[in-house]
Amino acid sequence: MQERKRLEQAVENDQRIAHAIDDLDTFFELAREGESVQSDIERGLTAFRELVERLETDMLLSGENDHRDAIVTIHPGAGGTESQDWAEMLLRMYLRWCDRHGYKRDLIDLQPGEEAGIKSATVLVQGEYAYGYLSAEVGVHRLVRISPFDSAARRHTSFASVFVWPEIDEDVKIEVQDKDLRIDTYRSSGAGGQHVNVTDSAVRITHLPTGIVVSCQNERSQIRNREVGMKILKARLYDLEMQKRRERLDAVESAKKDIAFGSQIRSYVMHPYRMVKDHRTKFEVGDVDRVMDGDLDALIKAALVARARGTLGQAAAGAD
């Protein structure tokens, strides 16, 4: 059914392009006959340009898993409250990006910081090509600003890492044996009503052979949290296996080669100047507030184009 939906969408897009071209041809014919259709032509060209640019971006997403839903995790780097606040800012940015694209997003797990920000967050993003788009965001993100937590108003640099995995289909067989799992239950944190305060409904699953740990506390029942947690675990195990295969073929994606603090893919500078710069593509955006409000499309597209051309640079170490 998913494959059928994608094919139907491709046919519909082809028809939309054909209709748009026919409409523009009609307007130009009327203009040659002396009709006043300048405003109609301008509107038609603007809509046609937006359609072509969107389809151009979709064509860049031809990977095996690009069409799938995405599981996004965000972790702060060293730096305590400052980095935890930056991680929460990134979470808000991606949630707003999801809203802009009409994607359904489900905050599966959220570990709040002691004073402010978050210690970690996991979000399930559901929508066509969610993984394809968000895979361009994998890496370390760097923030430079005057810290609101510093009474001396000094400039601080903070880091947070973003990881993205495709949500795999049920027909993809990932074998997980019970003896390889350690499952802990605990009381959910944060707001959630009386129920979460009196039951140990949250679940933490540790995969002993790999050391992968996932947790889920969003659902009201322990059974449901375990189901969601197992889904995330299988997605991460699938991604781990795919990485091993790519390594055997010596074709590891450059964006995932060095996910370490001090080696960032993008910088968000709010002081002494304001700019967002992707170090892999050298693409820059001057409106930091717009980016933080979820307008990531230009940055994502630049990364996808560079990846398709094979020119996506590695994460820059220590670049401004």
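The values are calculated or read from the model by the stated rules, or taken from the named source; none is laboratory data. All values reported here derive from a predicted model rather than from experimental measurement. As a convention, Cβ positions derive from the backbone with ideal geometry for all residues, glycine included, and neighbour counts pool all protein chains shown. Areas reflect the complete protein model, heavy atoms only, side chains present, ligands, DNA and RNA absent. Shrake-Rupley method; radii C 1.70, N 1.55, O 1.52, S 1.80 Å.
Pick out the one residue from Ser120, Ser158, Ser147 that is closer than 17 Å to Arg266 by Cα and among the hydroxyl-bearing types (Ser, Thr, Tyr). Steps first, please.
On the way: Ser120 fails: closer than 17 Å to Arg266 by Cα; Ser147 fails: closer than 17 Å to Arg266 by Cα.
Going through Ser120, Ser158, Ser147 in turn, the sole match is Ser158.
So, in the stretch 99-111, exactly how many residues are touching a residue at least 40 places away in the same chain (Cβ under 8 Å) and either within 20 Å of Ile232 (Cα to Cα) or of a type in the set (A, V, I, L, M, F, W, C) (or both)?
So the first thing to find is which residues in the stretch 99-111 are touching a residue at least 40 places away in the same chain (Cβ under 8 Å), and the list is 99-100, 106-111.
Remaining after also requiring either within 20 Å of Ile232 (Cα to Cα) or of a type in the set (A, V, I, L, M, F, W, C) (or both): 106-111.
Adding up the residues that qualify gives 6.
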Any pair with Cβ under 9 angstrom, 6 or more apart, that starts in the stretch 170-196 at a residue that is modelled with pLDDT under 85 and ends at one that is acidic (Asp, Glu):
Ile174/Glu241; Tyr186/Asp200; Arg187/Asp200; Ser188/Asp200
Can you find a residue that is in a helix (DSSP H, G or I) and either aliphatic (A, V, I, L, M) or free of Cβ contacts under 8 Å to residues at least 24 places away in the same chain (or both) anywhere in the stretch 80-88?
yes
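Within the stretch 89-110, take every residue that is out of contact with any Cys (no Cβ under 7 Å at 6 or more places or on another chain) and in a strand (DSSP E or B) and give me the one that is nearest to Ser151 (Cα to Cα).
First pass over the stretch 89-110, keeping only residues out of contact with any Cys (no Cβ under 7 Å at 6 or more places or on another chain): 89-104, 106-107, 110.
If we keep only those that are in a strand (DSSP E or B) as well, we get 104, 106-107, 110.
Numbers: Lys104: 39, Asp106: 36, Leu107: 33, Leu110: 28 Å.
Across the stretch 89-110, the extreme among qualifying residues is Leu110.
Within the stretch 114-131, can one find any residue that is charged (D, E, K, R), open to solvent by less than 20 Å² (accessible area, probe 1.4 Å) and touching a residue at least 24 places away in the same chain (Cβ under 8 Å)? Before you say what the answer is, go through the steps one by one.
Within the stretch 114-131, the subset charged (D, E, K, R) is 114-115, 119, 128.
Filter once more, so that each one left must be open to solvent by less than 20 Å² (accessible area, probe 1.4 Å): none.
No, every residue in the stretch 114-131 fails to be charged (D, E, K, R), open to solvent by less than 20 Å² (accessible area, probe 1.4 Å) and touching a residue at least 24 places away in the same chain (Cβ under 8 Å).
Applying the selection to the stretch 141-156, what residues are among the hydrophobic types (A, V, I, L, M, F, W, C) and surrounded by fewer than 22 Cβ atoms within 10 Å (Cβ to Cβ)?
Step one: filter the stretch 141-156 for residues among the hydrophobic types (A, V, I, L, M, F, W, C), giving 143-144, 146, 149, 152-153.
Once the filter is applied, which keeps residues that are among the hydrophobic types (A, V, I, L, M, F, W, C) and surrounded by fewer than 22 Cβ atoms within 10 Å (Cβ to Cβ), the stretch 141-156 yields Val144, Ile146, Phe149, Ala152, Ala153.
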Take the residues in the stretch 1-44 that are within 34 Å of the chain's Cα centre (by Cα) and of a type in the set (A, V, I, L, M); name whichever of them is surrounded by the fewest Cβ atoms within 10 Å (Cβ to Cβ).
Met1
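Considering only the stretch 47-65, state which residues are open to solvent by less than 40 Å² (accessible area, probe 1.4 Å) and not in a helix (DSSP H, G or I).
At the first step, the residues of the stretch 47-65 found to be open to solvent by less than 40 Å² (accessible area, probe 1.4 Å) are 51, 55, 57-58, 61, 63, 65.
Those that are open to solvent by less than 40 Å² (accessible area, probe 1.4 Å) and not in a helix (DSSP H, G or I): Leu61, Gly63, Asn65.
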If I ask for residues that are surrounded by fewer than 23 Cβ atoms within 10 Å (Cβ to Cβ), in a strand (DSSP E or B) and either touching a Gly at 6+ places or on another chain (Cβ under 8 Å) or among the β-branched types (Val, Ile, Thr) (or both), which ones from the stretch 66-79 would you list?
Thr73
Quick one: would you say Ile223 is at pLDDT 90 or above and not aromatic (Phe, Trp, Tyr)?
no
What residue, among those in the stretch 80-108 that are small (Gly, Ala, Ser) and surrounded by fewer than 20 Cβ atoms within 10 Å (Cβ to Cβ), is nearest to Asp14 (Cα to Cα)?
Gly102
For Pro272: the one exception among (1) over 16 Å from the mean Cα position of the chain (by Cα); (2) assigned to a helix (DSSP H, G or I); (3) modelled with pLDDT under 95
(2)
